[in-house]
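The values are calculated or read from the model by the stated rules, or taken from the named source; none is laboratory data. No experiment lies behind these values; they were computed from the predicted model shown. Positions of Cβ are generated from backbone atoms using ideal geometry, with glycine treated the same way; all protein chains shown enter the neighbour counts. For the accessible areas, the whole protein counts, side chains as well, though only heavy atoms, and no ligand, DNA or RNA atoms are used. Shrake-Rupley method; radii C 1.70, N 1.55, O 1.52, S 1.80 Å.
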Amino acid sequence: MNKRKVGITDTTLRDGHQSLLATRMKLEDMLPIVEDIDSMGFHSAEVWGGATFDSCMRFLNEDPWERLSILKSRFKKTKLQMLLRGQNIVGYRHYADDILEEFIKHSVNNGMDIFRIFDALNDVRNMESSIRFVKKEGAHAQATVVYTVSPVHDYDFYMKMAKELQELGSDSICLKDMAGILSPYNAYEIIKGWKGILDIPVQIHAHYTSGMAAMTYLKAIEAGVDVIDCAISTMALQTSQPSIETMVASLDHSLYQTDMELTRLSKIADYFCEIRKKYQEFDSSSNSVDTNVLIYQVPGGMISNFVNQLKEQNALDKLPEVLAEVPRVREDFGFPPLVTPSSQIVGTQAAINIIVGSRYSYATDEVKNYMRGYYGRPPAPVNKDVQKKIIGDEIPISVRPADLLEPELDRARELAGDSVQKPEDVVSVALFPQIAPEFLKKRKQKA
Ligand code: CO
């Protein structure tokens, strides 16, 4: 019998510890097991991007570029993959195209193979430059459709957006469910639809948060998905991905194969079981699945942010009200998916509305900029009354936000000064002007 191969991307070294250990895993704790991971035959290993870049400099005193090039030297067979937030790169605002281009060039030079590109609003205009620059460097551009539930996110939306991304030259398409709210049958419908209209491979990325993701993957596999994202069992489940071993074993006696050996995977699982103990203070694990996410669409990380915010205000008892406020704010904001940075923008406003006790009488700068269109076009029009309350009679922009940005690299070069040791350092400063100069200075003193 001819079985169909299902590829697995191992997310342990990026999303795994970003979801479970607040992105704190150090390179020194990854390196001893890389050879084993590399020998398994994964489709790719997601090891970089997302919050790891920021976390390296902010918390770990590690050079993110060095992390990438060292990982590349140890991963001899497996392709490396990263998460790129489109025009937000690995930060929280829109950057000019010159920085994006420079970032992608150096990422490829340091060993990145596959760029998973997304935009928090599913605004394709915010992904175009990323796709173009990745292709120009000869790397793999995987374009992402962020999954969310709203009246405007129907079957046609998912078909149309994926088709558009393929037409832009994407090498593959990913369906990304950061909150863990994609049900098995909804996944089946979307993936089946994509396999019917797309000529490029399709991958699925889900979080286990609500307990559905392994079932969702199984239906996605039946619908023809080419690659699934999983983490090693001891770094899986909860707000992380489904476990590699579980998915491998699930396909026993089926039409599908992964070519993975469970006994060899268990060595990797044992390794991370031990390593994880070192990061206990950051470990967000809880004993159960979180089904609140199915009601409020609020990802796990966001709930812990709320708890911290409300504790500071001595208002922890208001948590249920804040959670109930999130869908209301999201509707006023035109149903953005809740993913970085829109999750922070919507979440903070929901908390403010409840703490202040009146809606939108106070708004953060990020919320004002969102209403000005500086993050892109929301999936549906924003509530005009709310918009007026927040930015008055200002007229929102209608172009791609980055079109209004002046080139930023020269300024970053100035700011970086004489602590620069390589061109990548300038990119670090451009992305994180608040923390990178300090990091570079410290590194220079140490040398
Ligand atoms: Co994720």
- line: Listed by chain and number, the lysines with an alpha carbon less than 20 angstrom from that of K79, same-chain partners under 8 positions apart left out, are K5, K105, K135, K136, K176
- line: Taking only protein heavy atoms and a 1.4 Å probe, the highest-to-lowest accessible-area order of R372, R58, R264 is R58, R264, R372
- request: Run the accessible area of the range 100-251 with a 1.4 Å probe and give the carbon-and-sulfur part as a rounded percent.
  value: 52 percent
message: Explain nothing, just compute: Karplus ³J(HN,Hα) = 6.51 cos²θ - 1.76 cosθ + 1.60, θ = phi - 60°, for every residue of the range 255-261 in order, whole Hz, x for Gly and Pro.
response: 8, 10, 9, 10, 6, 10, 9
query: Counting only residues 5 or more places away or on other chains, whose amide H sits under 5 Å from the amide H of A206 once H atoms are built in the peptide plane?
result: D177, D229
message: Connecting C-alpha atoms closer than 10 Å in a GNM of the chain, tell me which of D54, D123, D156 has the biggest fluctuation.
response: D156
message: What does the C-alpha gyration tensor say about the overall shape of the range 240-332? Classify as rounded when a/c is under 1.5, otherwise prolate if a/b is larger than b/c, or oblate.
response: oblate
statement: For Y256, the accessible surface traced by a 1.4 Å probe with all protein chains present amounts, in square angstrom to the nearest 10, to 40 Å²
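Quick check for the range 245-380: number of Lys pairs with alpha-carbon distance under 27 Å, counting only pairs 8 or more apart or on different chains?
Taking the Cα cut-off of 27 Å, the pair count is 6.
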statement: Any lysines whose Cα falls less than 23 Å from that of K442, other than same-chain ones fewer than 8 residues away, would be K26, K422
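Would you mind working out the accessible area per residue for the range 131-290, using a 1.4 Å probe, and quoting it in Å²?
Values: 6690 Å² over 160 residues.
About 42 Å² of surface per residue is accessible.
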- prompt: Say we join alpha carbon atoms closer than 10 Å with springs in a Gaussian network model of the chain; which of A249, A96, A139 then has the biggest fluctuation?
  reply: A249
message: Over the range 234-380, what is the relative contact order in percent, taking alpha-carbon pairs closer than 8 angstrom and at least six residues apart?
response: 17 percent
query: Can you give the accessible area of M178 in Å² (nearest 10), computed on protein heavy atoms with a 1.4 Å probe?
result: 30 Å²
field: the range 360-447: relative contact order as a whole-number percent, Cα under 8 Å and 6+ apart
entry: 22 percent
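Can you give the accessible area per residue of the range 316-447, in Å², using a 1.4 Å probe?
Heavy-atom SASA per residue in the range 316-447 reads 51 Å².
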- prompt: Just from its helices, what would the mean residue ellipticity at 222 nm be for the chain, if runs of 4 or more DSSP H residues each count -39500 (n - 2.57) and the sum is divided by every residue, rounded to the nearest 500 deg cm²/dmol?
  reply: -14000 deg cm²/dmol
task: May I ask you to derive the FRET efficiency for E35 and R328 from their Cβ-Cβ distance with R0 = 35 Å, giving the value to the nearest 0.05?
output: 0.10
